[in-house]
Amino acid sequence: WSRQRFVAELPALADALRVISITLVTLFVGLQIRNAFHPDDLRALHIGLFECATYGLAWVALGFFLTVIAPRCTLPRITAQTGRTVFGVGLATLLLGNAVVLNPLWFREAVGSLPVINGLWVLFGPTILILALLAHKARQQQRKPLARLAGYLAIALAFMLLSMVVRHGFSGDGIVVNTSNLASAERYAYSLAWVLFGGGLLIAGVFTRLDTLRYGSLAVLLLAIGKVFLIDTANLDHLYRVFSYFGLGVTLIGLGYLYQSLVFKRTNQHDDTQSL
């Protein structure tokens, strides 16, 4: 009886060993990265931006490899499931580590001296691409909530990257935000960059018919218009301020017509088609 029970529990034991082995490989990859950045002291408390990004990208690559190779090599399903977990840990490291905890906007760290081509693209570009690919894959699998979440996260991260590139162009190597010394040109540069980014999202959303891009463009453009209305026009003289408000009013009317005719109308037509 004990032998039969042991034989019956062998698959569960094999799955547990697979999970343990994948976990050890993940930790081993992390230790190798740690040794590359801190060869003299693995217990150093400091974790830099690029080290955190390397952890995340390595774990995302490992998780993606396990998720893809498991079905093709007829490996047990637990391998792909554990790979998805490793992928999620890597993506969370990229998002929470670089975009929140170690964000260069409030932690001073060198990202390069060139105005546009610098380390910011290395830190955030791959994460944006991973989120976009994840949204595309989830859309193909009809997993709409995951597709929308990944798409909106990609747009938000791209918006942050664009803002940091603008900040880097005016501040140099360190981009820590200090609102007390923002020049007028920098404030206007943010508005221009956001308007162009929102317009690009709108054009892409109209051609691809993706609601994520169209609603993302609406949020970006409203944010840009609100900034112009509340901040950029605050230092203008009375006459210039009147003309600025007039221009903003005309712009809002145009955007309302544009979204009503190109965005919301198509969305309603798409919903009506699905209901039929």
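The values are calculated or read from the model by the stated rules, or taken from the named source; none is laboratory data. Owing to the predicted nature of the structure, the values given are computational and were not obtained by experimental measurement. Backbone-built Cβ (ideal geometry, glycine too); neighbour counts: all protein chains shown. Calculation scope for accessible area: heavy atoms of the full protein, side chains included, ligands and nucleic acids excluded. Shrake-Rupley method; radii C 1.70, N 1.55, O 1.52, S 1.80 Å.
Inspect all residues belonging to segment 220-227 and state whether any of them is modelled with pLDDT under 85 and either loosely packed, with under 15 Cβ neighbours inside 10 Å or outside any helix (DSSP H, G or I) (or both). Within segment 220-227 (the criterion being modelled with pLDDT under 85 and either loosely packed, with under 15 Cβ neighbours inside 10 Å or outside any helix (DSSP H, G or I) (or both)), the answer is yes, since at least one residue qualifies. For segment 16-51, a residue qualifies if it is open to solvent by 90 Å² or more (accessible area, probe 1.4 Å) and outside any helix (DSSP H, G or I), and the qualifying residues are Asp40, Arg43, Leu45, His46. Taken together, the residues in segment 79-96 that are buried (at least 21 other Cβ atoms within 10 Å of the Cβ) and free of Cβ contacts under 8 Å to residues at least 60 places away in the same chain amount to 5.
Listed residues Gly88, Gly119, Gly97; which is modelled with pLDDT under 85, of a type in the set (Gly, Ala, Ser) and under 20 Å from Ile155 (Cα atoms)?
On the way: Gly88 fails: modelled with pLDDT under 85; Gly97 fails: modelled with pLDDT under 85.
Of the residues listed, the single one that is modelled with pLDDT under 85, of a type in the set (Gly, Ala, Ser) and under 20 Å from Ile155 (Cα atoms) is Gly119.
All of (1) touching a residue at least 24 places away in the same chain (Cβ under 8 Å); (2) open to solvent by 60 Å² or more (accessible area, probe 1.4 Å) hold for Asn118 with one exception: (2).
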